[in-house]
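The values are calculated or read from the model by the stated rules, or taken from the named source; none is laboratory data. Small disclaimer: the values here were computed from a predicted structure and weren't measured. Here Cβ is always computed from backbone atoms with ideal geometry, including for glycine, and neighbour counts include all displayed protein chains. We work out accessible area using only protein heavy atoms, side chains counted, and drop any ligands, DNA or RNA first. Shrake-Rupley method; radii C 1.70, N 1.55, O 1.52, S 1.80 Å.
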Protein chains: 2
Amino acid sequence: MKIDYSLYAITERSYLGEKDLFEAVKEAIKAGITVLQLREKDISGREFYQQALRLRELTRAYGIPFIINDRVDIALAVDADGVHVGQEDIPAAVVRKILGPGKILGVSAKTAEEAIKAENDGADYLGAGAVFPSPTKPSSEAIGLEGLKKIKSAVKIPVVAIGGITKDNAKQVLSTGVDGISCISAVFCGNITENVRILKKLVSESRKT
Amino acid sequence: MKIDYSLYAITERSYLGEKDLFEAVKEAIKAGITVLQLREKDISGREFYQQALRLRELTRAYGIPFIINDRVDIALAVDADGVHVGQEDIPAAVVRKILGPGKILGVSAKTAEEAIKAENDGADYLGAGAVFPSPTKPSSEAIGLEGLKKIKSAVKIPVVAIGGITKDNAKQVLSTGVDGISCISAVFCGNITENVRILKKLVSESRKT
């Protein structure tokens, strides 16, 4: 299965304001995101499962790869296409074992060393970052465009940039040769359709050059 | 695999004070607990996994069934003997599916209806309660000895009583005919060896009558 990682959207309930998560995701899918990751914190396993089940149906209907953040059991429970784990989650090699070979495994990496290890551990793609400081990551943890390039050149698997990516810096980020940009607020804050339209245009332009 | 549920200990980091979790569990096992459940909240998946891995080795060495609370992925990752889920976790029938038939599935139940549903959904045993009010459960949620009897008589699978069980009320609880008592503080607060010795004596006496 060849995945288009170019516009990888991650849900974040706290950025949605009044919007319903399901409706917000549906709008983003219709507008053209290429991958959806469901990220949930501080809700019960039951709620996470139920939310994932609804989004599984939606993403299947639209043919969008559906990734669950962190919880491998939720991914298995709803037959998601894959799971994304960070360096603070169950180790990637163990996740690959319990997930089986047919599912997508994404791993977060902030250095070339972590990237190479993740690739060796069975990752199908990397979430590289945080590229820029963001509300959830202080600037000391940002790897910048240079850090991103180092990761990209260290591995053969696709690299998706994450962290502080906006319409204003997406072009720069894409110029590093990464396979996609991962966005939370840049997709879900404000007018989703318009956000996705602009980001897709930037992706499309970067591919021409 | 025939499990002895009679003295089912659940870890709770906040009750341990200065004690190391691994050492506390080792002492409890040596003193005679029959099942160990690892319950963790508010730690990363990586820490949960690492803790579970150490306790997996320990429980295997002593031949004690090892159950993980809530996180099916952690249970699969460390090859635990089973998983315990509550009514707020991934639904039992779904857990059974992703866990496979060879693992132990425990489900929390506070009514006969929940108990029957859990049994039908593939539970191997029930955690019935909270029997008494406890620091984590208000008295409005306590099912009492009558509630416990109703659950026990509603199902064929083993029933382990949980919630507020102490040395002072364990005899009463066991007199309802349940297959075991589940303890957190009654095992881990204070002198663990002495706690377990007294609880085992109560279990043993109740079996004679």
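Things worth noting here:
- Distant-in-sequence amide H partners of B:Ile90 (H built 1.01 Å from N, under 5 Å): A:Arg46
- Label geometry 7 Å along the beta-carbon vector: A:Ser140 inter-copy distances in nm: 4.4
- Nearest-20 debye value, chain B charge dipole, Cβ charges on Lys, Arg, Asp, Glu: 600 debye
- Nonlocal amide H pairs with A:Ile104, under 5 Å, H built at 1.01 Å: A:Gly82, A:Val83
- Close Lys-Lys pairs in the stretch B:99-170, where close means Cα under 25 Å and separation is 8 or more or interchain: 21
- GNM on chain B, alpha-carbon springs under 10 angstrom: the most fluctuating residue among B:Ala142, B:Ala128, B:Ala61 is B:Ala61.
- Radius of gyration over Kirkwood radius for the stretch B:26-109, both on Cα atoms: the Rg/Rh ratio is 0.95.
- Kirkwood radius for the stretch A:77-209, taken over all pairs of different Cα atoms as the inverse mean of 1/r, rounds to 15.3 Å.
- Scanning chain A for the beta carbon that comes closest to the axis linking it by rotation to B yields A:Asp73, 2, distance in whole angstrom.
- Note on the stretch B:1-122: dipole from Cβ charges, positive end direction compared against B:Ala75, B:Ile64, B:Ala115; the farthest Cα belongs to B:Ile64.
- Charge dipole (Cα centre; +1 on Lys/Arg Cβ, -1 on Asp/Glu Cβ; no other charges) of the stretch B:1-85 amounts to roughly 140 debye.
- Residues A:Asp20 and B:Leu145, FRET efficiency given R0 of 35 Å [Cβ-Cβ distance, rounded to 0.05]: 0.20
- Once the 1.4 Å probe is applied to the protein heavy atoms, chain A comes out at 44 Å² accessible per residue.
- Amide hydrogen neighbours beyond the local backbone of B:Ala128, cut-off 5 Å, H modeled: B:Ala109, B:Val160, B:Ala161, B:Ile162
- Contact surface A-B: accessible area buried, both sides summed, square angstrom, 1.4 angstrom probe: 1700 Å²
- Per-residue Karplus couplings for the stretch A:6-17, computed as 6.51 cos²θ - 1.76 cosθ + 1.60 with θ equal to phi - 60°, are listed in order as 4, 10, 9, 9, 10, 6, 8, 3, 6, 8, 8, x Hz, Gly and Pro entered as x.
- Residue among A:Lys152, A:Lys110, A:Lys30 with the largest mean-square fluctuation in a Gaussian network model of chain A, springs linking Cα atoms under 10 Å: A:Lys30
- Descending Cα extents along the principal axes, the protein assembly as shown, whole Å: 83, 39, 34
- Among B:Ala92, B:Ala115, B:Ala77, the residue with the largest mean-square fluctuation in a Gaussian network model of chain B, with springs joining Cα atoms closer than 10 Å, is B:Ala77.
- Taking the accessible area of the protein assembly as shown, probe 1.4 Å, and keeping the other protein chains in place, the carbon and sulfur fraction comes to 50%.
- Cα-derived Rg to Rh of the stretch A:1-142, Kirkwood definition: 0.95
- Across the identical copies, the label point of B:Arg54 (7 Å from Cα in the Cβ direction) is separated from its matches by 4.0 nm, in order from shortest.
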